[in-house]
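The values are calculated or read from the model by the stated rules, or taken from the named source; none is laboratory data. The model shown is predicted, which means the values in this text are computed figures rather than measured ones. Backbone-built Cβ (ideal geometry, glycine too); neighbour counts: all protein chains shown. These accessible areas exclude ligands, DNA and RNA; they are computed on the full protein's heavy atoms, side chains included. Shrake-Rupley method; radii C 1.70, N 1.55, O 1.52, S 1.80 Å.
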Amino acid sequence: MAGTVPKLAAPRPAAAGPLPSQPLRSAALASAPSARRFRVSLAARARSPVIAMASAKEGNGAVTKRTTLHDLYEQQGQSPWYDNLCRPVTDLLPYIANGVRGVTSNPTKAISSSNAYDGQFKELISAGKDAESAYWELVIKDIQDACKLFEPIYDETDGADGYVSVEVSPRLANDTQGTVEAAKWLHKVVNRPNVYIKIPATAECVPSIKEVIANGISVNVTLIFSVARYEAVIDAYLDGLEASGLSDLSRVTSVASFFVSRVDSLIDKMLEKIGTPEALALRGKAAVAQAKIANQLYLKKFSGPRWEALVKKGAKKQRLLWASTSVKNPAYLDTLYVDPLIGPDTVSTMPDQALDAFIDHGTVARTIDANVSEAEGIYSALEKLGIDWEEVGKQLEHEGVSSFKGSFDSLLTSLEEKGNALKTAANL
Ligand SMILES: O=C[C@H](O)COP(=O)(O)O
């Protein structure tokens, strides 16, 4: 892939709407409605104030309040997910009522930033569990509870949506067979039809994806940062479906989580180092451009005779899931990684910051296949400036894996210390 812009067939007509030529918030704010200014303060809060307001009005949030999230799904076929699962899991109810259709979890973050897990942790330690077994029991309970909440969506859509995603241990990110075994175990113990087992798209885990899919387990492939790796992920999914031997493939599904904002964070730094006017003008454009090119690859790979043969057995496309959708540069529009990536059969997982922004002032319009040639031009211009997309992908993957491993290790250390203190206090 390096050295050339991927030239891909575009079987769907491009919709109207430009790439964000002015992603900088300062520029956008000059003409933005005041609601957009209000957004800035929302990001700091733990849970969506927009949704909390609806929830307070509706009691337990079970009454549906129409939001742009409903429009996103009903008008454009994009499924909005919530990128934050923590206790109490019933906090998800108002999110679901407001249009959220699935959830991605980060258990390490959830457990380390809440005391809602203390009671169950104490019981588990008292029952003789070690820290790591206790960790998995905490995680599994959250995932099972959340799966129950999303089951109606899973059923209504015949297994196409309404998923809850949980990752295998990040310590296995470079261990092919360890990841396969962990995924099988996690799938078995969660024991819910609408769970996605999350596997990283590292070189070592691409073969694990094939194997796990071949075992009939639905997978969220995470940490995808480059088009080249994305293609390997799609191939692993197709290979897995073909190898499964199942006559009905309709219940083996997958999402490919393509990370967005982190791409800009890294490439913006590189562009600032280059420092020419041409380089500086490309800041804030790389991530969306690459994502649009990834979508073209999706269209190409999920068509043609190979795919049609799988469709005859009920196979569902591996949907692209936009991850890392909150803006990291406060100068950028807060919907930068949501508005331009809307299209059918895709998922956008949003933390509160992005979710609030989109509910408040997002634009529901088909944008994913608009201005693809402009996206290719940006991709190519960045290459000419010396940006090596595969190297960018490798660096981001390395940073992502290290950071997930680091937080997992430090949580386990702290759970071990806490467990030992509980045992000492209880004379166990
Ligand atoms: O959706 C993906 C992950 O939650 C990471 O998001 P992040 O890049 O904002 O940390």
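Of all the listed residues (Lys129, Lys210), the sole one being over 22 Å from Arg319 (Cβ atoms) and not hydrophobic (A, V, I, L, M, F, W, C) is Lys129. When the range 195-216 is filtered for residues that are open to solvent by 10 Å² or more (accessible area, probe 1.4 Å) and more than 14 Å from the ligand (Cβ to nearest atom), the ones remaining, listed by number, are Ala203, Glu204, Val206, Pro207, Lys210, Glu211, Ala214, Asn215, Gly216.
Can you find a residue in the range 301-310 that is within 16 Å of the ligand (Cβ to nearest atom), at pLDDT 95 or above and surrounded by fewer than 24 Cβ atoms within 10 Å (Cβ to Cβ)? So far as the range 301-310 goes, no, none of its residues is within 16 Å of the ligand (Cβ to nearest atom), at pLDDT 95 or above and surrounded by fewer than 24 Cβ atoms within 10 Å (Cβ to Cβ).
In the range 87-103, the residues that are in contact (Cβ under 8 Å) with a residue 24 or more places away in the chain form Cβ pairs under 6 Å with partners that are open to solvent by 40 Å² or more (accessible area, probe 1.4 Å) and β-branched (Val, Ile, Thr), at six or more places apart or across chains, as follows: Ala97/Thr64.
Regarding Leu320, is this residue open to solvent by less than 10 Å² (accessible area, probe 1.4 Å), part of a strand (DSSP E or B) and either in contact with a strand residue (DSSP E or B) (Cβ under 9 Å, 6 or more places away or on another chain) or within 13 Å of the ligand (Cβ to nearest atom) (or both)? Taking the combined requirement at face value, the residue satisfies it.
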